[in-house]
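Everything below concerns the one structure shown next.
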Amino acid sequence: MTITLKYFGLLVDITQKKEEVFSVEENNMSVSFLKSKMETAYQELKNTNYSIAVNQVMTSLDYNIKDQDVIAFLPPFAGG
């Protein structure tokens with residue numbers, strides 16, 4: 001399964017990347033599992049407040065990621 005991760009705002013500073021593509025062997029991977037993996041890879045994410053969207057839709061942590069999904073890590077934002 002191949003997924004694309006996109007980072008925005010302060011999360012770009014933490015990861016030093018705007019985007020990365022992953023090939024993963026897991027076929028049943030939840031957003032929660034991915035979040036845990038990313039917080040292991042980028043320790044500073046553990047202390048950061050952020051949301052996760054899949055294919056431009058905010059999702060729950062139990063959502064199952066599918067092949068070719070685009071996952072966005074979004075910092076807190078305010079409207080106005």
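The values are calculated or read from the model by the stated rules, or taken from the named source; none is laboratory data. The structure presented is a predicted model; accordingly, all values stated were derived computationally and were not measured. Positions of Cβ are generated from backbone atoms using ideal geometry, with glycine treated the same way; all protein chains shown enter the neighbour counts. Ligands, DNA and RNA are excluded from the accessible area calculation, which covers all protein heavy atoms including side chains. Shrake-Rupley method; radii C 1.70, N 1.55, O 1.52, S 1.80 Å.
Values as computed for the structure displayed
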| read-out | value |
| --- | --- |
| Of all accessible heavy-atom area on the chain, the percent that carbon and sulfur account for (1.4 Å) | 49 percent |
| Taking all pairs of distinct alpha-carbon atoms in region 1-41, Kirkwood radius in angstrom | 11.0 Å |
| Cα coordinate range in the chain, projected on the principal axes (Å, largest first) | 37, 26, 19 |
| Residue-normalised accessible area of region 5-80, expressed per residue, 1.4 Å probe, Å² | 66 Å² |
| Relative contact order of the chain, pairs being alpha-carbon contacts under 8 Å that are 6 or more residues apart, as % | 42 percent |
| Dipole of region 1-58, positive direction: furthest Cα of Asn49, Met29, Thr2, with charges on the beta-carbon | Asn49 |
| Gaussian network model of the chain, springs between alpha carbon atoms under 10 Å - residue of Ser23, Ser60, Ser32 with greatest fluctuation | Ser23 |
| Rounded to 10°, Cα long-axis angle of helix 31-41 versus longest principal axis of the chain | 70 degrees |
